[in-house]
Amino acid sequence: MLQSILLQMTPQSISQIALWAGLIGIFYFFMIRPQQKKQAELKKFIENLKKGDVIVTSGGLHGTVVGINENTVTIEVDKGMRLLFDKSSVARMKSTPTE
């Protein structure tokens, strides 16, 4: 059966299959793989959070980490103003300390 399918293939069908395989490869290396790397880096960053880190949440809130639990992080946004967030809402580390 496989032999009869291979015998029916023309050069056009082979080039069409190669084109689709190339497009899928390009899509993977430019879209899927970088996103997976970014997610892995974010997961590693969240696992390594510690008190005193200055972070930015996905909502754009800047603050300093003052407490960490299993699934939550407490950040201080101003003197005495503490907010509780899920760890998944932490987006990145702020490059300069807050004032």
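The values are calculated or read from the model by the stated rules, or taken from the named source; none is laboratory data. For clarity, every value in this text was computed on a predicted model and none was experimentally measured. When we count neighbours, we look across all protein chains shown, and the Cβ atoms used for this are built from the backbone with ideal geometry, even at glycine.
Couple of notes before you dig in:
- Counted residues, region 55-78 - those being outside any loop (DSSP other than H, G, I, E, B), loosely packed, with under 14 Cβ neighbours inside 10 Å and of a type in the set (S, T, N, Q): 1
- Count of residues meeting criterion [under 19 Å from the mean Cα position of the chain (by Cα) and either modelled with pLDDT under 90 or β-branched (Val, Ile, Thr) (or both)] in region 48-71: 3
Residue by residue, here is whether (1) touching a Phe, Trp or Tyr at 6+ places or on another chain (Cβ under 8 Å); (2) under 26 Å from Val65 (Cα atoms); (3) surrounded by 10 or more Cβ atoms within 10 Å (Cβ to Cβ) holds:
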| residue | (1), (2), (3) |
| --- | --- |
| Thr10 | no, no, no |
| Gly22 | no, no, yes |
| Tyr28 | no, no, yes |
| Lys38 | no, yes, yes |
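- No other residue among Phe45, Phe30 is in contact with a Lys or Arg (Cβ under 9 Å, 6 or more places away or on another chain) and part of a helix (DSSP H, G or I) apart from Phe45.
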